[in-house]
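Contents: one structure, followed by commentary.
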Amino acid sequence: MPVTFCSFIRYASATTGQQYAWVAFASPRCIMNGGGSVYRAKHLIGLPVVNVATGERLASVRSLVIDLVSGHLQALVVHKGSLFREPQALKLTQLHAMGQDAILVKDGEKTIPLPTLLGQLPNASTEDRLFGRQVLTAAGKVLGALEDVFFDPVNGSISHYMLADGLLQSLLQGPAIMPAPKQPVIGEEHVIVPENPEWDADQLTMSISSLDWQ
């Protein structure tokens, strides 16, 4: 079932002026894709990282390393308890499993300094630098702001983008979901995707009801 959140929002009314209200909305953690689950990347942030052999909690997930060009979640940035340590990362190949409630890491795996890892992945960015960029078609049409991605927890391949088009619209209509395109162009402020007649903002928002939410 979707996870339900409440948000206190401000809105304008033509008759009564400025108003405030509590709004409940659903934020799915995963969707079914061809018989298997794909997870929301943002859902991983805050999950514990546990040694699968000893059960010891090693860290928690602080951020994500995503490569939209290759279409993969590449690594997890982990927090090990000190604010002054250089950020560390774990590649997906170092993990035993990614679950909805915890990340299990193989015994004996060592973290990698985040700058070192990013130097090895020239097309990758951490999610805080990537999410929020406007997604444009090659014809110059705005589809929305990149809010999140869905990925396969087995191999990290990205299957869908989640787009937002303003807080109130996202609350009332839900986010828009589009299949992850191949070879997008990643700029500092925009993500350029190929032109596709099915990638209409209204159709994307409505198509969310056809997905199987978990």
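Bear in mind that the values in this text are calculations on the coordinates, not laboratory data. Worth saying up front: this structure is predicted, and the values here are computed from it rather than measured.
Just a few scattered comments:
- Cα centroid separation, the range 82-161 to the range 34-76: 8 Å.
- For Ala89, the amide hydrogen comes within under 5 Å of the amide hydrogens of Val78, Ile112, Leu114, counting only partners 5 or more places away or on other chains and with H modelled in the peptide plane.
- Pairs of Cα atoms farther than 12 Å apart, the range 83-126, %: 66
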